[in-house]
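Structure, as structure tokens:
Read-outs: derived from the displayed coordinates by stated rules, not from any lab. Because the structure is predicted, anything quoted here is derived from the model rather than measured. Every residue, glycine among them, receives a Cβ derived from its backbone with ideal geometry; neighbour counts consider all protein chains shown.
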């Protein structure tokens, strides 16, 4: 018997991070930790535990430590935002932030609008929180404000509660697309008109290749935006540390929810990040990450140009930041069909249907360049091209 | 690497370091940091930065004692450590 927590499609997140054999993985979105200054971090962790271990290893209250707030504002300020302790809620990364919003702000049964193709972990979190998902309307420039208004009014006329819109507006997972500032302003105008809250998931915003940034939705209207921030992509995911910057009246609900979920944030992680920022700031590490991803993305895009050409069935755009390249089949073929051939050739990717709410976006596939060894990228793309340019296989089990 | 006597920072320069790291205003160096609104995790971050800057190790017991964790109290700890390290052949305690 199916449980209500069964997810369709299944999230299968752990499989994204499996690596082994000779497979070149373009699947899981892992950061390149080669850039971390491990000796510095090791020295600081040692110092932290010697001086403050009894505090940093103890339970703590569900608040962002004051010492960490300058580090958060240094990151948010780069996209025009700022926040204070009253608005902040600690998380163990944005996945927990998504669950906290789904459980602490939304009511089971209500509808959340989701920018698609979407990060599957967001859809899974909202489903487990008992929410109904509905795609947010898009046009060629991304989220479409006028159509959004129509969609919300129609859903409400049908008796559905619609208060939340989820999006990943900068270097979106999986497309790499960034919503223009003009669109952001229009989106917020519709949100104010219809009393919507926007959940802004922003793990990649500071990872542009040229160092440029885009003004965050949160910067434009902090009272309309629940901002999910994380140290996973600008420092490292293993510390499990992130934050929510929410409108002040919502922050207590979110804090209570995170307290139920995990009892306590990690004071050790918060203190370690605060100490790192106090000593070094974020500039050098961000520059190192950007350079690494710029190089890997160029290697992958150049190889795709060489292997797949521009007049074949596959189309894509070179991203300007983030972790991903999104390929689409011009004739709408379901990319799951190529997965078996890809595995036989020794390469993996994530099929587009994984990023749909109900199987849509099946004509896409996501390639992640962020963690592939540089010298393996061309070989991986060559293997991928061999799988993608073979005759389209039928779906397994199809007549 | 130790600074010569003429390069030794003053209490007021140390106050500035505290202000910069803890985002507070030090009106009286003898006021315990906790009374300025600096919580214990922030005090740890401050002492870590101080240790790194001066190349010293401060006794962890200092952090738990509000009377020692004023700007003046920490500055005394720094000076004690620096002077203990100055004589040739002498190590820290």
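Once you place label points 7 Å from the Cα toward the Cβ at residue A:107 and residue A:58, how far apart are they in nm?
In this crude spin-label approximation the distance works out to 4.1 nm.
Round to the nearest 0.05 the FRET efficiency obtained for residue A:150 and residue B:12 when R0 = 56 Å and r is the Cβ-Cβ distance. Walk me through the numbers before you get to the answer.
Values: r = 63 Å, r/R0 = 1.13.
With a Förster radius of 56 Å, E is 0.35.
Taking just the C-alpha trace of chain A, give me its Rg and Dmax in Å.
Gyration radius and largest Cα-Cα distance of chain A: 21.1, 67 Å.
For the stretch A:59-281, what relative contact order do you get, as a whole percent, if you take Cα pairs closer than 8 Å and at least 6 residues apart?
In percent, rounded to a whole number, it is 31.
Alpha carbon centre of the stretch B:13-34 versus the stretch B:36-78: separation in Å?
When both Cα centres are located, 11 Å separates them.
Can you tell me which of A:73, A:173, A:371 moves the most in a GNM of chain A? Springs connect C-alpha atoms under 10 Å apart.
Between A:73, A:173, A:371, it is A:73 that shows the largest mean-square fluctuation.
Tell me the relative contact order for the stretch A:221-262 as a rounded percent, counting alpha carbon contacts under 8 Å between residues six or more apart.
36 percent
Have a look at the stretch A:307-399 and give its Rg and Dmax from the Cα atoms, expressed in angstrom.
Answer for the stretch A:307-399, Rg first and Dmax second: 13.0, 42 Å.
At residue A:249 and residue B:82, where each label point lies 7 Å from the Cα along Cα→Cβ, what is the point-to-point distance in nanometres?
Result for the modelled spin labels: 5.3 nm.
Pick from A:265, A:203, A:237 the residue whose mean-square fluctuation is largest in a GNM of chain A, springs joining Cα atoms under 10 Å.
Between A:265, A:203, A:237, it is A:237 that shows the largest mean-square fluctuation.
Can you give the mean number of other chain Cβ atoms that lie within 10 Å of the Cβ atoms in peptide A:268-279?
Other-chain Cβ atoms within 10 Å of each residue's Cβ, averaged: 4.
Counting pairwise Cα distances across the stretch A:59-281, what percent come out greater than 26 angstrom?
In whole percent, the share of Cα-Cα pairs in the stretch A:59-281 beyond 26 Å is 31.
What is the calculated FRET efficiency for residue A:392 to residue A:302, with r their C-beta to C-beta distance and R₀ = 30 Å, to the nearest 0.05?
E between residue A:392 and residue A:302, to the nearest 0.05, is 0.70.
Just to be sure I understand the model, the point goes 7 Å from the Cα along the line to the Cβ. What's the resulting residue B:72 to residue B:31 distance in nm?
Result for the modelled spin labels: 1.3 nm.
If neighbour count is taken as other Cβ atoms inside 10 Å, put A:54, A:233, A:66 in order from fewest to most.
Exposure proxy ranking, most exposed first: A:54, A:66, A:233.
Binning at 10 Å from 0, report for the stretch B:11-85 what percent of all alpha-carbon pair distances ends up in each bin.
21, 63, 16, 0
What number, in percent, do you get for the relative contact order of chain A if the mean sequence gap of Cα pairs under 8 Å and at least 6 apart is divided by its residue count? It would help to have the intermediate numbers written out before the result.
Numbers: 741 pairs, mean separation 93.6, N = 399.
Once divided by the residue count of chain A, the mean separation gives 23 percent.
Only bridges with both residues in the stretch A:59-281 count here: give the DSSP antiparallel percent, nearest 5.
Expressed as a percentage, antiparallel bridges in the stretch A:59-281 total about 40.
Which FRET efficiency value, to the nearest 0.05, is calculated for residue A:185 and residue A:140 with the Förster distance at 22 angstrom and r the Cβ-Cβ distance?
According to the calculation, E is roughly 0.75.
Restricting to bridges with both residues inside chain A, how much of the DSSP beta-bridge set is antiparallel, in percent to the nearest 5?
55 percent
Counting partner chain Cβ atoms within 10 Å of every residue's Cβ in A:70-76, what's the average? Can you show the working numbers first?
Working: counts 6, 1, 0, 0, 0, 0, 0.
Per-residue shielding by partner chains comes out at 1.
Sort A:261, A:300 so the one with the fewest other Cβ atoms within 10 Å of its own Cβ comes first.
Least to most surrounded, the residues fall as A:261, A:300.
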